[in-house]
Every structure is written in C-alpha cells, then in structure tokens.
Amino acid sequence: MKGIFFFLACACCLLGCEGNSSYPDEMVRERATAFAGAYFNYDFTSARKLVTEESVKWLEFAASNVTQEDVDLYNSVEEPATVEIDDYQYVNDTISIVTVLVENYLQKDSINRTATISDQGIFRLTLVLRDGKYYVRMEGPLRSERQSRD
C-alpha cells in the first residue's frame, strides 16, 4: 500500500512539473513577440515596457532617428509589420536568445538615408529574466541578419 501511495505521489509530482515546464517558453515567446511587434511598428512607448533599463537608450536612439519621410512611408503601407518567432534557445537560467522573422517592415540603412520597406528580415533578440519576467536586452540598434527587399 505504501508503494502505491509513493508511486502516485511521484506521478502527480512529475505531472505537475511537466505542466509548468512550458511556462518559461510561453513567456519568452510572448515577450519577444510583443516587443518585436511594437518595435517594428514604431510603437516605442509599448516597446519601452518590454526592455531592460539599460536598453532604453537604444530605443530612444531609434526613435530619434525616425524622420517625417519614414513616417510617411510607414503610413503608406497597407499592412503593418508582422513578427513570428522562428526559434529560441536558453543560454542559461536567465538568458534566452530568440530568432524573430519580421515581414513588411521599415528598414533604415543609415541616418540621413530614406528608409525602404523590406519583405523579410531575421533578428536575434536577447531576453533576460529579471524579477520573474523576461525583458529584451538591446546592446545596440537592431540589425537584421538577413534581409530581402521588394
């Protein structure tokens, strides 16, 4: 009888752990998607809530380099930028690298150059766990690893 009770207790414990194992994955995916959606659709106010404090300067830098021509081009596009999580991996208990596929986004090559609409880009985001939540850590302006244009 003790054996059966011990077996059932272990089974319940394992099932309980299994149910919670996807929670960090969901949180990482949700936060990365929310940040990328806000960032690539020029909603820097929403994006700011999803980054580390030391990353705010990079958001401010990105926002300060948006020109009226960029805004006009962005407003002329029928569909907003879309984001999709392509892959993610954990570096350790507090850091995750998320690969995000972004389509139909405004790509700025450099300051004082007119932006263009890019079909697709792949970006890697670093998310860090702080106070029970994941935040994007930016170490510079976001750059696509691969881009294609119309």
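The values are calculated or read from the model by the stated rules, or taken from the named source; none is laboratory data. In this text the structure is predicted, and so the values were computed from the model without any measurement. Methodologically, a virtual Cβ is constructed for each residue, glycine included, from the backbone with ideal geometry; neighbour enumeration extends over all protein chains shown. Just the protein is used for accessible areas: all its heavy atoms, side chains included, with ligands, DNA and RNA removed. Shrake-Rupley method; radii C 1.70, N 1.55, O 1.52, S 1.80 Å.
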Hits in the stretch 48-65 (condition: within 20 Å of the chain's Cα centre (by Cα), outside any strand (DSSP E or B) and in contact (Cβ under 8 Å) with a residue 40 or more places away in the chain): Leu50, Thr52, Glu54, Ser55, Trp58, Leu59, Phe61, Ala62
Count of the stretch 71-83 residues which are surrounded by 15 or more Cβ atoms within 10 Å (Cβ to Cβ), among the hydrophobic types (A, V, I, L, M, F, W, C) and not in a loop (DSSP other than H, G, I, E, B): 2
Residue in the stretch 89-105 that is farthest from the chain's Cα centre (by Cα), counting only those that are among the hydroxyl-bearing types (Ser, Thr, Tyr) and crowded, with 16+ Cβ neighbours inside 10 Å: Tyr105
From Arg124, Arg130, Arg113, residue being within 10 Å of the chain's Cα centre (by Cα) and open to solvent by 50 Å² or more (accessible area, probe 1.4 Å): Arg124
Flag if Gln68 is over 15 Å from the mean Cα position of the chain (by Cα) and open to solvent by less than 60 Å² (accessible area, probe 1.4 Å): no
Asp43 being over 15 Å from Tyr134 (Cβ atoms), at pLDDT 90 or above and open to solvent by 50 Å² or more (accessible area, probe 1.4 Å): yes
Cβ-Cβ under 8 Å pairs, at least 6 apart or on other chains, the stretch 117-137 side under 12 Å from Ile95 (Cα atoms), far side basic (Lys, Arg) and open to solvent by 30 Å² or more (accessible area, probe 1.4 Å): Thr126/Arg137; Leu127/Arg31; Leu127/Arg137; Val128/Arg137; Lys133/Arg31; Tyr134/Arg31; Tyr135/Arg31; Val136/Arg31
Test: Asp86 is open to solvent by 60 Å² or more (accessible area, probe 1.4 Å), closer than 22 Å to Glu30 by Cα and either among the aromatic types (Phe, Trp, Tyr) or outside any loop (DSSP other than H, G, I, E, B) (or both): yes
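For the stretch 17-40, enumerate the residues that are surrounded by 10 or more Cβ atoms within 10 Å (Cβ to Cβ) and modelled with pLDDT under 50.
Passing the criteria: none in range.
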Unique residue being open to solvent by 60 Å² or more (accessible area, probe 1.4 Å), touching a Lys or Arg at 6+ places or on another chain (Cβ under 7 Å) and more than 14 Å from Asn41 (Cβ to Cβ) when the list is Glu145, Glu139: Glu145
